[in-house]
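*Asks:* Please read through the structure below; I'll follow up with questions.
Coordinate-derived values only; no laboratory data. Quick caveat, the model's predicted, so the values are computed rather than measured. Here the Cβ positions follow ideal geometry from the backbone for every residue, glycine too, while neighbour counts run over all protein chains shown.
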Amino acid sequence: MSNELKYLAEQTAKGRMSRREFVGRTSALGVSAALAGAMLGSAARAEEPVKGGKLSAGMQGGESTNTLDPALAASEVPFAVNMTWGETLVEVNEKGELSMRLAEEVSSSPDATQWKFKIRQGVTFHNGATMTAEDVVATLKRHTDEKSQSGALGIVQGIADMKAEGDMVTLTLTSGNADLPFLMADYHLIIQPGGGVDNPAAGIGTGPYSVTENQPGVRHGFTRYAGYWDPSIGHADEVEILVINDNTARTAALQSGQIHMMNRVDPKIVELLKGVPGISIHSAAGRGHYVFIMHCDKEPFANNDLRMALKYAIKRQEMVDKILGGYGSIGNDFPINAAYPLFDDTIPQREYDAAKAAEYYKKSGHDGSPIVLQVAAGAFPGAIEAAQLFQQSAQAAGIPLEIKREPDDGYWSNVWNVAPFCASYWGGRPVQDQMYSTAYLSTADWNDTKFYDKHFDEVLIAARAELDQTKRKAMYSELAHILRDTGGVIVPMFNDWVEAVSDKVGGWFADPNGELMDGKALVKCWLKA
Amino acid sequence: MNSVLKLVAQRIALGLLLLLAVSILIFFGIEALPGDAAQAMLGQSATPEALANLRHQMGLDQPELPRYFHWLGGLLTGDLGKSLTNGEDIAAAIGNRLGNTLFLAFWAAIFAVPLAILLGLLAARHAGKWQDKLISGVTLATISLPEFVAGYLVMYFLAVYWRVFPSMAMIFPGMSLWTKLNTIALPVIVLVMVVLAHMMRMTRAAILNVMQSAYIETAELKGLGPLAVVWRHAFPNAIAPVVNVVMLNLAYLVVGVVVVEVVFVYPGMGQFLVDHVAKRDLPVVQACGMIFAAVYIGLNILADVISILANPRLRHPK
């Protein structure tokens, strides 16, 4: 292999160059695409995990008010912390498939109402106790109790009965749900000894690392758990998560070598960071998206023509370029993208169309009074600027959009889900059903567009129990069409996870499920010798 | 001497009274904020029923007055209660953060105070000459830089470019003193830059003021060297105003450095307080407020007492 080829292959394996770029540049050197692909594989495989050392991550999204109770995890740092010491029954891998963790096998009854999880044997908690099917049931039970304030309440609510027999956990659902195993990968549902009932914030789990230091909002330290069951992960001797909310401080820490990886690279500085030696930028197309939400039951948004006018009046590509610095993809006014299983990629993309927007606006008969969009800087990164872009493109279509700035403080209690038109964001969910059920079902607590459509609800419930994938895909396509053409949500963009990683780190791969390899970067990566 | 003791006792009693008044202000002021911990905790998932449940669980549905006295009682017995958001013992959590804040303030003061006074003396000694202008110019320039700009500047040069000191000042238990000092070098530098000018200028002004007195002329006439005049005759008489401004700056170092904490990721009280305000974790916010008030009042009492002791006229009031 020539030196240049080798260099290119290495760069690509490190994530500095996209696969497409690699094939393109090697073909310029006269190499066939097939050979280029084979070379890429050998460069990626050439990296063998190295044991030992201390791996550090600097993260945004932690506060002094955080707790180790998995039920209460809501921001990025607690999520990553919990993924380091705890494990769920299953996880969703980077290809969107289910992979087994504390469960060894999953099977269901034909109507998807009864699910059996065979629990892995010989797994121990950090306190030495053996993990049993009873612990699993106790954990799930705790999350069904409203007092636990669990973020997974909506997921476990649909379980009518749970039973532990030997190494088998049997869950009986109130109605069929083909996605149930995916729901068990939810990051709140970390299996705790005795369900964590006695001390939910003890931080004792079955994960590859045990908690040695827990200083919320400052630092979380871990050491490798000697009794961990899976030798293929957990390479470093010690790992730590440092809470560095300030963008500049986080970047400086990475540049000066104090941390090995950081989340949330500011899109404005990505290009600058790319030139820094020893650091690679990684991005993964995720399921998270930024939205403008209209209440379908309040004037003037109760009128679908007005909603359509606004949907046509937004420049999606411009937002991806300017707000996300190109690190994202355009949305299509429903909350699903290609990162989801069963996505229908034939749904036509909605584009900015001032003429159509003006036509719908006229048809809606709106009296011309300003349409107020409430937005806070914290609604999503760049929310104010996005609203301003929206205002300009809407004005070009003759729609009088007015921006009302709100303070970050109290935005989620006073504006979101209260004001009829505001900015917000959604992190993705592992499967379509969960995304739709969380925010678009008539009865959902978080139905933030006040979207009440009987037919939509029926199709959603029916799709849940449908085991035939082709039929299911068609049903989800119908749901997407309904939301796209009658819903109250405007989805201008899906944001990528943009992260910066030191070249000392091995084993990194893109994972669309969440930040920092779905919170498992510290667990799955290693420090190169 | 008795009258001095009486004076000091008076000041302390007044300080305590003031603290009580502050406690009322803090408690009811925070109560008046819109939203409460239950709402902040539930955030997106706040349904009226869940809110009512959580409020009851946190005791937020009790009337305010009994809650105030209950809180005050706890405060007096050293029981600050538990954080509403993560259930941690507030006294333990604050103890750790307060320790860090005092550690940083202490080391910043160790460098800043003697340096400021020395520079002040030098500037006064060479008043109007280039030394004076240089000292004043440089210190005024550093105070004029916003803290975060100064922070990013020293971070860029000393941590990223030359790699002399670490960019993050994250200290934790188990570090040796030397490692800790190395870790906090950058925030200490920035804090020194921020507080230097104020104290330096005050020292310079106070000394210059005293230097115009008749007894300084006498000292000069009896043949003392210029530095000896400043040190033995001028400085003792300039202590009162200098101590006051030093104490104000010390108080600032304890309660006002949240920006520096954020920039250098220092686990002090400032960030801790901001996090808990955002989450409406009232017991923690109230406890922090009381500690800050106590620090301010305490340092001011100390400044008063030192001024009194340093000034015979105040020491022997007619």
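*Asks:* How many nm separate the modelled label positions at A:D485 and B:E217, each set 7 Å beyond the Cα in the direction of the Cβ?
*Replies:* Here the modelled spin labels are 9.9 nm apart.
*Asks:* Using only the Cα atoms of chain B, build the gyration tensor, take square roots of its eigenvalues as a ≥ b ≥ c, and label the shape rounded, prolate or oblate: rounded if a/c is under 1.5, else prolate if a/b is larger than b/c, else oblate.
*Replies:* Since a/c reaches 1.5 but b/c is at least a/b, the shape of chain B is classed as oblate.
*Asks:* Once you list every other residue whose beta carbon is under 14 Å from the beta carbon of A:D246, what net charge do they have if Lys and Arg are +1 and Asp and Glu are -1?
*Replies:* In short, -3.
*Asks:* Right, here's the next one. Using alpha carbons only, how many angstrom separate the centre of segment B:255-310 from the centre of segment A:484-529?
*Replies:* About 38 Å separates the Cα centre of segment B:255-310 from the one of segment A:484-529.
*Asks:* Kindly state, to the nearest 0.05, the FRET efficiency for A:T174 paired with B:V138, given R0 = 56 Å and r defined as their beta-carbon distance.
*Replies:* 0.15
*Asks:* Working out 0.36 nm times the residue gap between A:E359 and A:T443, then minus their Cα-Cα distance, what length gain in nm do you get to one decimal?
*Replies:* So the extension gain works out to 26.9 nm.
*Asks:* Relative contact order for chain B: what percent, with Cα pairs under 8 Å and sequence separation of 6 or more?
*Replies:* It comes to 26 percent, rounded to a whole number.
*Asks:* With a ≥ b ≥ c the root eigenvalues of the C-alpha gyration tensor of chain A, is it rounded (a/c under 1.5), prolate (a/b larger than b/c) or oblate?
*Replies:* Oblate, because a/c is 1.5 or more while a/b does not exceed b/c.
*Asks:* Add -39500 (n - 2.57) for each DSSP H run of 4 or more in chain A, then divide by its residues: what number comes out at 222 nm, to the nearest 500 deg cm²/dmol?
*Replies:* Calculated mean residue ellipticity at 222 nm is -9000 deg cm²/dmol.
*Asks:* Moving on. Could you tell me the calculated FRET efficiency between A:D367 and B:L18, based on Cβ-Cβ distance and R0 = 51 angstrom, to the nearest 0.05?
*Replies:* After rounding to 0.05, the efficiency reads 0.30.
*Asks:* By how many nm would the segment from A:D161 to A:D230 grow when fully extended, if each residue of separation counts as 0.36 nm and the alpha-carbon distance is taken off?
*Replies:* Gain on extension, A:D161 to A:D230, equals 21.8 nm.
*Asks:* So, one more: Considering only Cα-Cα distances, which of the following residue pairs are longer than 21 Å: A:K268/A:K404; A:K118/A:K141; A:K147/A:K450; B:K133/B:K222?
*Replies:* Those over the limit are A:K268/A:K404; A:K147/A:K450; B:K133/B:K222.
*Asks:* Need one word for segment A:89-196: rounded, prolate or oblate. Basis is the Cα gyration tensor (sqrt eigenvalues a ≥ b ≥ c); a/c below 1.5 gives rounded, then a/b vs b/c decides.
*Replies:* It is rounded, given that a/c, with a ≥ b ≥ c, falls under 1.5.
*Asks:* Hey, another quick one. Could you tally the net charge around A:H235, taking each other residue with its Cβ under 14 Å from the Cβ of A:H235, Lys/Arg +1 and Asp/Glu -1?
*Replies:* Local charge sum for A:H235: +2.
*Asks:* Continuing with the same structure: Extending each Cα 7 Å along its Cβ direction at B:Y161 and A:E134, get the distance between those two points in nm, one decimal.
*Replies:* 6.4
*Asks:* Tell me what chain B gives for mean residue ellipticity at 222 nm when only DSSP H runs of n ≥ 4 count, each as -39,500 (n - 2.57), the sum divided by the residue total, rounded to 500 deg cm²/dmol.
*Replies:* -24000 deg cm²/dmol
*Asks:* Please list, by residue number, everything in segment A:74-114 whose backbone N is under 15 Å from a paramagnetic label point 7 Å out along Cα→Cβ of A:L467.
*Replies:* Within reach of a label on A:L467, which here means backbone N under 15 Å from a point 7 Å along Cα→Cβ, segment A:74-114 contributes A:106-114.
*Asks:* Moving on. What net charge is computed for the residues neighbouring A:R142, neighbours being all others with C-beta under 13 Å from the C-beta of A:R142, Lys and Arg scored +1, Asp and Glu -1?
*Replies:* -4
*Asks:* While we're looking at this one, here's another question. Take the residue pairs A:K116/A:K473; A:K528/B:K180; A:K471/A:K520; A:K116/A:K471; A:K274/A:K528 and return only those whose Cα atoms are more than 31 Å apart.
*Replies:* Long pairs (Cα-Cα over 31 Å): A:K471/A:K520.
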